[in-house]
Structures are given as structure tokens and as C-alpha cells.
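Scroll down for the structure; my scribbles are underneath it.
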Amino acid sequence: MAFEEKRAWMMGLVTVVAFAVYVVVILGRSVGIALVDVAYVAPLLWTIGCAIGTTIVLHVVLATFSPEDADVMDQRDREISRFGEHAGRSLVVVGGMAAFVMALVETPYFWIANALYLAFALSAVAECAAKVAAYRKGFWPW
Amino acid sequence: MVKATRVTNSIRSLRFAHEEMTQADLASRIGVSRQTVIAIEQGRYSPSLEMAFQIAEVFGVPLDDVFQYAKEEK
């Protein structure tokens, strides 16, 4: 398995697990109160911070076990990377537009922040899924 | 990743004809990973024209001895 494919798997899984943990924490705090009144800022920042930290640690672990492949991208890796970024970018735009509209209609900050986090998470998952599919099923850029 | 390619190749047989060159040897000579050579051999990746010429040069054969374009079935 190519090093960049391993990285894509890792980033996708970390993103999904981090988002799932965040949702569980928020739903756990919402018992007896309205969802928009839940203190979400700290869990959100901790989740994002831990996801970034975990990604860095796992990257180092991967690189330790296959040092000859680590951080060496060839033409195929670069093309698949661009393809993956392209696949995920549309969801960031959708999330940004959703947050824009929500801000215009004065939706509570809770929903705006969470809509953006959901968009970032979905974007990362779409990017990773596109990369993994390209590595496993085939990639014909021409 | 749009559609499967009709380009086929003879890299595997050329490697064996050249002192059983390994995929890793070929990869290092054209500056890509072994996984990329495997993907090209199996038709899961179409290399750029430049990389295709590099592969042909390694084997010392014309480009169309390495890559072929299958005719469309009607």
C-alpha cells in the first residue's frame, strides 16, 4: 500500500472518530436542556485539536515503520492528491455558503459553528475516500 | 479517475526479458514508488507521456513496444 494511501486512510478514520466523539459529547451534555444551549465551544476546540495531534502522531508512527516511503510523493501521488482535494473542496464551499446564509438569518452561533465543522469533516472524508478509491480502483487522469 | 483506460502495456514481460528486473529496480530508475510501477503494470494508472518515454528508455525499446492502445470493440 502506498504511503499516501495509508495517510488517506488514517486521516479519514481520525476525522470520522473525532466527529463521532464530538457528537456523543454534545448529545450527552444536552440532556434536559435545549441543544443550542449546550456549551459546545470547548468540546469543539478540543476535538479539532486532538484530531490534529492524533494525525501528527500517527503520521510519525507510519513514517517510522516505512521510512523509505515517508513523505516521498511521485507523479501519481501528486495527481491523486489534487484529485482528492478537488473532490473535497465542493463540500467546504457548500458549508461556507450554508454558514453565510445562517449568519444572514441570525441563526444561533451553535448551528453556524456546527454546520462549518460538519462541512469540514465531510470535506475531509470525501477527500480521503476519493484518494483511497483512486489508489485501489485505479486512476486515469488523461 | 474518470474511466478505465484502453491503454495496455508489456512492462511485466519486458522486465522479465531484461534479466528479471524487479519492480523496485524499475521504480528507482524512473523515479517513482514501487506501488506506482505496480499500478501502471496492472493498468490502474496511466502514466504521463514523459514517464512512458522514461520506461521505454529503460528497456531500450520504442514506446509502442511498451504501451499499446486496444482497438474499440463495436
*Tally the residues that are without any contact (Cβ under 8 Å) to a residue 40 or more places away in the chain, in contact with a Ser or Thr (Cβ under 9 Å, 6 or more places away or on another chain) and not in a helix (DSSP H, G or I), restricting the search to segment A:86-142.*
3
*When you scan segment B:1-29, how many residues do you find that are within 14 Å of another protein chain (Cβ to nearest Cβ) and over 11 Å from the mean Cα position of the chain (by Cα)?*
9
*Restricting attention to segment B:53-74, does a residue exist that is farther than 19 Å from A:Asp77 by Cβ, within 14 Å of another protein chain (Cβ to nearest Cβ), surrounded by 12 or more Cβ atoms within 10 Å (Cβ to Cβ) and among the charged types (D, E, K, R)?*
no
*State whether one or more residues within segment A:61-76 are more than 14 Å from chain B (Cβ to nearest Cβ), crowded, with 17+ Cβ neighbours inside 10 Å and on the phi < 0 side of the Ramachandran plot.*
yes
*Got a number for residues in segment A:1-59 being buried (at least 18 other Cβ atoms within 10 Å of the Cβ), small (Gly, Ala, Ser) and assigned to a helix (DSSP H, G or I)?*
4
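So that you can scan it fast, the table gives a plain yes or no per residue for (1) over 20 Å from the mean Cα position of the chain (by Cα); (2) over 30 Å from B:Pro47 (Cβ atoms):
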{"residue": "A:Thr15", "(1), (2)": "no, yes"}
{"residue": "A:Val21", "(1), (2)": "no, yes"}
{"residue": "A:Gly28", "(1), (2)": "yes, yes"}
{"residue": "A:Ala34", "(1), (2)": "yes, yes"}
{"residue": "A:Ala39", "(1), (2)": "yes, yes"}
{"residue": "A:Phe83", "(1), (2)": "no, no"}
{"residue": "A:Arg89", "(1), (2)": "no, no"}
{"residue": "A:Leu116", "(1), (2)": "no, yes"}
{"residue": "A:Ala121", "(1), (2)": "no, yes"}
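Values in this text are rule-based calculations from the coordinates and carry no lab data. A quick note: this is a predicted structure, and the numbers were derived from the prediction, not measured. Every residue, glycine among them, receives a Cβ derived from its backbone with ideal geometry; neighbour counts consider all protein chains shown.
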